[in-house]
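Comments concern the structure below.
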Amino acid sequence: MNFKSFSFADSILSALEKMGYESLTPVQKMAIPHVRRGHDVLASAQTGTGKTAAFALPIIQKLLDSNANGESIRAVILAPTRELVDQIDHNIKQFTAFNNLKSVAIFGGVEHDKQINRVNKGCDILVATPGRLIEHLRKGNFALNNACHVVLDEADRMLDMGFRSDIETILEQCDKNKQTLLFSATYPSAVKQFATKALKNPKIVQVSRDNETASTITHVAYPVSNDRKLELLSELICRKGWKQVLVFVNMKEDVQLIVDELTQYGVTVGVMHGDKSQGNRRRALREFKEGKTTILVGTEVAARGLDIAGLPRVINFDLPYLAEDYVHRIGRTGRAGQKGFAISLVSREEEHVLAQIEDLIQDKVKRIYYPGFEVSNRDGLIKKIGKKTSLQKRIRSNRATQYGAEAKMQNRQKIRKAFKK
Ligand code: AMP
């Protein structure tokens, strides 16, 4: 089975040929027929599985079949962050390079008037963050009554970010008989409840990141005290000459510390965090992809969902607060069967998160003790932590209650399964 089996228009097939898409990924194989038949779809798939083409190609074909001509918005794609919106819009522009369909990206940080002009010049497919789109709708800038296709991408993250009522309002303003496609990496009860309300008899598509991708990632941890992380980071990057490294930090305040440290050794560094303007974030990503900068330092919020071809290394300067977020972070590497390294700098205080991560991915993270950075009494401490399992369990269960016990357990089971395969 290949893209020709779906009888896509020649303009789509030519675009796919130009992009080098030959065979279908599992989510494309499973979702495209349902979307082409007009069903609602509930799909579990992460970024990196080829889900953008899975929802965009059949929608583009439907718009071509109905002679869409840019006069009104016919499809709305919602995604949680500016970067994802930009990425999806970029993909759609590639898919529609050989026909007249037009897509416009809408997100915060850009003047409203500019976005209104772009849409008024012709827009068949609107790709937007819910927050900015709702601002436009409140002002009556756009009408969505002809939007017959709606995609909710990374629905779990959008709901987490508190966009539920915005999304509901947006859905209400679209065509009553619309087709709705919901893509989510995880299925907490909030997503389930939402999907039950928003989707009509959905077809279920379930795809985890393929085994090949997961098994190509090597997980390692460097034990180090908190106050020496910066030193160890520059030691690793400079001495080992690592290039194309995405570094995650928990707090944007730490981004500048890392930039200052690395630039003094002549390393070129780009940054991405929530306080940077959209233009700056875009430029940082472009320069990193083009190899003009060798390191990109970002907070999770800014860097989640990014598609960076052939990224060999992700470094967690800090471990994320939630073990699940580790899986999202390291998903930036080891894509499409390429080898990748997920490297974490782990302080004593973070040891319990590392244990949760190992528990979640059902794999041991290899410790590398870098000479000169050993943490004294570390083994004793780990043993001590091991003995405190009942206390740990209590802490974990409190956390689980805080975030929704059921949702967390199901999420964990799913991620475990994906890693086991
Ligand atoms: P996505 O999950 O949509 O972000 O896609 C991840 C990466 O895989 C992107 O760089 C896509 O361009 C690429 N990709 C998606 N589908 C295919 C395919 N069928 N053949 C080759 N590359 C693909």
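Among the listed pairs Lys139/Lys289; Lys229/Lys292; Lys114/Lys200; Lys62/Lys121; Lys29/Lys200; Lys229/Lys276, which have their C-alpha atoms separated by more than 29 angstrom in this model?
Values: Lys139/Lys289 37 Å; Lys229/Lys292 25 Å; Lys114/Lys200 35 Å; Lys62/Lys121 21 Å; Lys29/Lys200 21 Å; Lys229/Lys276 24 Å.
The answer is Lys139/Lys289; Lys114/Lys200.
The slack between Glu349 and Glu253, meaning 0.36 nm per residue of separation minus the straight C-alpha distance, is 32.6 nm. Only protein heavy atoms count here; on that basis, with a 1.4 Å probe, Asp227 has an accessible area of about 130 Å².
Which angle from 0 to 90°, rounded to the nearest 10, does the C-alpha axis of helix 82-95 make with the longest principal axis of the chain? Tilt relative to the chain: about 50 degrees.
With every protein chain kept in the model, how would you rank Tyr326, Tyr21, Tyr370 by accessible area, 1.4 Å probe, largest at the top?
The ordering from most to least exposed comes out as Tyr21, Tyr370, Tyr326.
All other residues with a Cβ under 10 Å from the Cβ of His273 taken together, and with Lys, Arg as +1 and Asp, Glu as -1, what is their net charge? Around His273, the charge tally is -1.
Rounded to the nearest Hz, the phi-derived 3J(HN,Hα) couplings of region 115-131 under the Karplus curve 6.51 cos²θ - 1.76 cosθ + 1.60 (θ = phi - 60°) are 5, 4, 4, 4, 5, 5, 6, x, 8, 9, 10, 9, 10, 8, 7, x, x, where x marks glycine and proline.
With axes computed from alpha carbons, what is the tilt in degrees of helix 252-263 against the longest principal axis of the chain, rounded to the nearest 10 within 0 to 90? With both axes taken from Cα atoms, the answer is about 70 degrees.
Sequence-ordered 3J(HN,Hα) estimates for region 54-71 from the Karplus curve with 6.51, -1.76 and 1.60 and θ = phi - 60° stand at 4, 8, 6, 4, x, 5, 4, 4, 5, 5, 5, 4, 9, 6, 4, 9, x, 6 Hz, glycine and proline given as x.
A crude spin-label estimate for the pair His90 and Asp260, with each label 7 Å from Cα along the Cβ direction, gives 3.1 nm.
Along its principal axes, region 92-151 has C-alpha extents of 33, 24, 19 angstrom, given from the largest down. Treating each Cα of region 1-93 as an identical point scatterer and summing with the Debye formula, the log10 of I(q)/I(0) at q = 0.12, 0.13, 0.24 Å⁻¹ comes to -0.37, -0.44, -1.59.
So what is the 222 nm mean residue ellipticity for the chain from helices alone, if each DSSP H run of at least 4 adds -39500 (n - 2.57) and you divide by all residues, rounding to the nearest 500 deg cm²/dmol?
Working: 19 runs with 193 residues, N = 421.
For the chain, the value works out to -13500 deg cm²/dmol.
A 1.4 Å probe, protein heavy atoms only, puts the accessible area of Ser225 near 40 Å². If one puts a single equal scatterer on every Cα of the chain and applies the Debye formula without solvent, what log₁₀ I(q)/I(0) results at q = 0.08, 0.09, 0.10, 0.13 Å⁻¹? The Debye formula, applied to the Cα set alone, gives -0.46, -0.58, -0.72, -1.18. Legend: residues Thr49, Thr263, Thr25, sorted from most to least accessible area (1.4 Å probe; ligands, DNA and RNA excluded), read Thr263, Thr25, Thr49.
Amide H to amide H distances under 5 Å link Ser344 with Val220, Ala221, Tyr222, Asn316, where only residues 5 or more positions off or on other chains count and H is placed in the peptide plane.
For the residues Glu172, Glu235, Glu374, Glu135, a 1.4 Å probe over the protein chains yields an accessible-area ranking, largest first, of Glu172, Glu374, Glu135, Glu235.
Amide H contacts for Ile77 (H built 1.01 Å from N in the peptide plane; partners 5 or more residues away or on another chain; cut-off under 5 Å): Leu126, Val127, Ala128, Val151.
The C-alpha atoms of the chain define a longest principal axis, and helix 378-387 lies at about 70 degrees to it. Between the amide H of Val247 and those of Leu296, Val297, Gly298, Ile315, distances stay under 5 Å, these residues lying 5 or more places away or on another chain, with hydrogens modeled in the peptide plane. Counting only heavy atoms of the protein chains and using a 1.4 Å probe, Lys292 has close to 130 Å² of accessible surface.
For region 16-39, the residues whose amide N sits under 14 Å from a probe point set 7 Å from the Cα of Ala309 along the beta carbon direction are 16-22.
Considering every alpha-carbon pair of region 3-206, the percent of pairs per 10 Å bin, from zero through the bin containing the longest distance, is 9, 39, 39, 13, 0.
The values are calculated or read from the model by the stated rules, or taken from the named source; none is laboratory data. Computed from a predicted structure; not experimentally measured. As a convention, Cβ positions derive from the backbone with ideal geometry for all residues, glycine included, and neighbour counts pool all protein chains shown. Ligands, DNA and RNA are stripped out before the accessible areas are found, and what is left, the full protein with its side chains, is counted by its heavy atoms. Shrake-Rupley method; radii C 1.70, N 1.55, O 1.52, S 1.80 Å.
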